[in-house]
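Here is the structure we will look at, set down as C-alpha cells.
Throughout, read-outs are computed from the coordinates displayed, never taken from laboratory work. Owing to the predicted nature of the structure, the values given are computational and were not obtained by experimental measurement. So basically every Cβ, Gly included, is an ideal-geometry build from the backbone, and we count neighbours across all protein chains shown.
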Amino acid sequence: MVKVTTVPTQPYNDQKPGTSGLRKRVKVFQQRNYTENFIQSIMHVIEGGSEGATLVVGGDGRYYLDEVMQIIIQFSVAAGIKKLIIPQHGLVSTPAGSHLIRKYKATGGILLTASHNPGGPDKDFGIKYNVRNGGPAPENVTNRIFDISKSLQQLTYAADMPRVDYGTIGTQTLGDTLEIQVIDSIDDYVDLMKEIFDFGAIRSFLDKNKDTFKVLFDGMHGVTGIYGERLFVKEFGLAKASCLMRSTPLADFGGEHPDPNLTYAHELVERVEKDQIDFGAASDGDGDRNMVLGKHAFVTPSDSVAVIAHYALDAIPYFRKNGGVHGLARSMPTSRALDLVAQKQQLEHFEVPTGWKFFGNLMDAGRCSICGEESFGTGSDHVREKDGVWAILAWLSIVVHVNKTKPGAGVYDILQDHYKMYGRNFFSRYDYEEVDGQKANELMQHLRELNINGQTFNGFTVSEIDDFEYKDPIDGSVSSHQGMRVMFKDGSRFVVRLSGTGSQGATIRLYVEKYSNDPSEYATETQKALEPLIRVALDISRLEHFTGRDKPTVIT
Ligand code: G1P
Ligand code: ZN
C-alpha cells in the first residue's frame, strides 16, 4: 500500500536552474527537503499537468543517484504520473535520454547529472528537466520552476514507501496508477545510431585494417562506457582490452573530472602518442561532450563541427535519408570555421548564445541539422542534446569515407585537407575558475565601457566591440548580455563571458580566434599561432589586473 502525505516545507531561494539544470554540491542537495522541494517544483511545471504524464528518468551514475531516483518515484506516485520509463540501473546518457523521451513520446524527462563536473559525496550533483521535444526545458519553464521553488510551502509525496528496485528489466505498478517500466539502457540508443551511420562499413573498415588502425575509447568512468563497450566491442568487433579505457561507470568517476579535454583526458592523450593510436576518443560523465584525436592530431571542437558538416552528406547516411543538411549552427564563442562550410555549401547558418538549448527551436523548425559548441559539444537534430558518442561515430564514418579514395588517411590528414580547402581558424579557450564574483563583474564592466574602436594593439586593429545579443528567429525571444566580443580588422577576435554552470565562485572564459589562409601556417601549433593575439586580449581586458591571476586554470 502506498501512502501519500502532505507535509509543510521551507522554500530555498537558490534553486535557479543554470545553463543546464540545477547543479550544486551533493551536500547542498542533502539539506533537509532541498531535493524534495526541487522535484516538487518540477512536478508543478510538467506540460499539461503531472496527472497522466509519462517521464523518462535516469542519469550518469554519479553519487547520490539512487537517493534522488527514489525521491522522484515518491513524488511521481503522489502527482498522478502515469508512467516512468527508467533505463536499467538508472543509467542513461543525456543524449540517449533525449532520444528515449522522443521515441516513447514521453511528456518529458528528469536527467540526474552534473555533466562533466566531478562526482562523490563532496562533489557535484545535478537535476535537469527536459521537455517533450527531448531538449532541456526552455527558460520560461526553468524560470517557473525557480519561481515555484521560492514560495513552496508544502510537499506531497509517498514519503515512507519502500525502496523501488530498477535494476531488473520489466514493469511494476505502484499505488493506483503509476507504472514503472525498466528498459534496457543501451538498445534504443544503439538502434538509433544504426539508423544514422553505416555500421557495416565501419565494421568492415576496422576489420580490414585491424593490424594497422588502432582505436581507443576513454569512457572517463562516466556513463558512456556502457555504450562504448556495446559499440566498439560487440558491434564493431574490436578487442575490449585494447579499445576501451575507463569504461566502467563509477559514482565518483575514479576521483577525476569526467571532462574530455586535453587537461582532464591527459591519460588518453598520452596513450594516443605512446601507443600510436590512430583514432582516440572520449566522452564526458553524462555522454554529451566528446573529444576526438589521432596521431599528432587533436580536433578542436570548433573544427570538428565544421569537418562533420563538410562530409555529412557523403559520409553519414542519416543526412541523405533526410533530404540533405538543412542549416548549420554554432554557439557564439565557437570559431567561425563552420560559417565557412555553410557559405561554401550555401546553407543557412546561425550564431546562438552559449548553451545547447538555443539550438532546439532551430532544429524543431527544420532549420538546423548540425551544430556545435567549442566546449566539446557536437550534435545533430537526431536528438535535442549534444551527443558525444554520435560525434565520435561521425568522425569514424568520415575516416572510413575518406579512406575510400585516400587509403591510410587519418585524423591528421583530414584536418590538413580541411584547412587547405577553407583556411584555418586557430582557436583556444582560457578558463579562470573560482574567481571572486565581484572581480569578475568588474572585468565585464570594464569591457562594456571600452572605447577603443580603430586603435591598434600589437598589430591588431579593433573594428568593433559588442555585448552579444540574440534574437531567436523562431519565437522572437531576445537573450542579451551573452558575452563581450572584441573584433579586429583582420577577422580575428576575442570573447569574454562568465560561465553559467560553475558551482563555486565565478568562472571567466576567454576565447581567442585567429583566421589564416596562409598554407605555411596550417601545421603551426595552436598556442604558438595565437600567442600575439592572446597577449592583446589580456592587455585590452586587463584580466590579470582584475582577477589577480597570471595564468588560467585550464587551457583548451
Ligand atoms: C559550459 C559550456 C557551454 C555548454 C555548457 C553545458 O557552459 O561553455 O558551451 O553548453 O557548459 O555543457 P558555461 O559554463 O560556459 O556557461
Ligand atoms: Zn555533459
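Annotation: extensible slack from D252 through D275 equals 5.5 nm (criterion: 0.36 nm per residue apart, minus Cα-Cα distance).
Out of every Cα-Cα pair that segment 253-364 contains, those further apart than 17 angstrom amount to 63 percent. At the listed q of 0.27 Å⁻¹, the Debye profile of segment 179-230, built from one uniform point per Cα, gives log10 I(q)/I(0) equal to -1.13. Diffusion of segment 356-503 by Stokes-Einstein, at 25 °C in a medium of 0.890 mPa s and with Rh set to the Kirkwood radius over alpha-carbon pairs, works out to 131 µm²/s.
Phi angles of segment 456-461 translate, via the Karplus equation with coefficients 6.51, -1.76, 1.60 and θ = phi - 60°, into HN-Hα couplings of 10, 10, 6, x, 9, 9 Hz per residue; Gly and Pro are given as x. Each residue of segment 474-481 was assigned a 3J(HN,Hα) from its phi angle through the Karplus expression (A = 6.51, B = -1.76, C = 1.60, θ = phi - 60°), giving 8, 9, x, 5, 10, 10, 9, 6 Hz with x at Gly and Pro. The eigenvalues of the Cα gyration tensor, multiplied by 5 and square-rooted, give segment 301-341 an equivalent ellipsoid with semi-axes of 20, 10, 7 Å from largest to smallest. Sorted from longest to shortest, the spans of the Cα atoms of the chain along the three principal axes equal 74, 60, 42 Å. Cα centroid separation, segment 1-50 to segment 97-127: 15 Å. With the simple model of a label 7 Å out from the Cα in the direction of the Cβ, S520 to H545 spans 3.7 nm. Oblate is the label for segment 382-434, because a/c, from the alpha-carbon gyration tensor with a ≥ b ≥ c as root eigenvalues, is 1.5 or above and a/b does not exceed b/c.
Can you tell me the FRET efficiency between Q346 and K321 if r is taken as the Cβ-Cβ distance and R0 is 22 Å, rounded to the nearest 0.05? Display every interim value, and only then the final one.
Values: r = 21 Å, r/R0 = 0.95.
About 0.55, to the nearest 0.05.
Whole-Hz Karplus values for segment 294-305 come out as x, 4, 6, 9, 10, 8, 5, x, 5, 5, 4, 5 Hz, taken residue by residue from phi with 6.51 cos²θ - 1.76 cosθ + 1.60 and θ = phi - 60°; glycine and proline positions read x. The modelled label-to-label distance between K105 and A201, using points 7 Å beyond Cα along the C-beta direction, is 3.3 nm. With the convex hull constructed from alpha-carbon coordinates only, segment 53-198 shows a mean projected area of 9.8 nm² over all directions.
In the chain, helices alone account for a calculated mean residue ellipticity at 222 nm of -10000 deg cm²/dmol, with every DSSP H run of four or more residues adding -39,500 (n - 2.57). In units of the compact-protein estimate 2.2 N^0.38 Å, segment 1-97 shows a Cα radius of gyration of 1.08.
Residues S204, S499, S98, S520 in ascending order of nearby Cβ atoms (within 10 Å, fewest first): S520, S204, S499, S98. The orientation-averaged projection of the convex hull spanning the C-alpha atoms of segment 331-375 amounts to 2.9 square nanometres.
For segment 391-476, the normalised intensity computed at q = 0.20 Å⁻¹ comes to -1.03 (log10 of I(q)/I(0), Debye sum over alpha carbons, equal scatterers, no solvent).
In plain terms, the chain from T177 to D490 could stretch by 106.3 nm, reckoned as 0.36 nm per residue minus the Cα-Cα distance.
Close amide H partners of L155, meaning residues 5 or more places away or on another chain with modelled amide H under 5 Å apart, are V7, T9. Taken over segment 182-298, the ratio of Cα radius of gyration to 2.2 N^0.38 Å equals 1.03. Here is the P(r) of segment 484-556: all C-alpha pair distances, binned every 5 Å from 0, give 3, 13, 24, 24, 17, 11, 5, 2, 0 in whole percents. Relative intensity of segment 83-129 on a log10 scale, I(q)/I(0) at q = 0.22 Å⁻¹, equals -0.80, per a Debye sum over C-alpha point scatterers of equal strength in the absence of solvent.
Proximity of backbone amide H atoms, modeled 1.01 Å from N, is registered between D124 and V26, G119 at under 5 Å, excluding neighbours fewer than 5 places apart on the same chain. Rounded to the nearest 0.05, the FRET efficiency derived from the C-beta distance between K234 and V7 at R0 = 41 Å is 0.30. In segment 222-291, inverting the average of 1/r over every pair of distinct C-alpha atoms gives 12.4 Å as the Kirkwood radius.
Counted over all Cα-Cα pairs of segment 49-92, pairs farther apart than 16 Å make up 34 percent. For segment 161-249, the alpha carbon convex hull comes to 114 Å³ per residue, rounded to a whole number.
Scanning residues 5 or more positions from S492 or on other chains, those with amide H under 5 Å from its amide H are Y515, with H placed 1.01 Å from N in the peptide plane.
Translational diffusion of segment 105-168, estimated by Stokes-Einstein from the Kirkwood radius over alpha carbon pairs at 4 °C in a medium of 1.567 mPa s, is 88 µm² per second. Note on segment 71-152: Kirkwood hydrodynamic radius from all Cα pairs is 14.0 Å, rounded to one decimal.
Counted over all Cα-Cα pairs of segment 325-432, pairs farther apart than 17 Å make up 59 percent.
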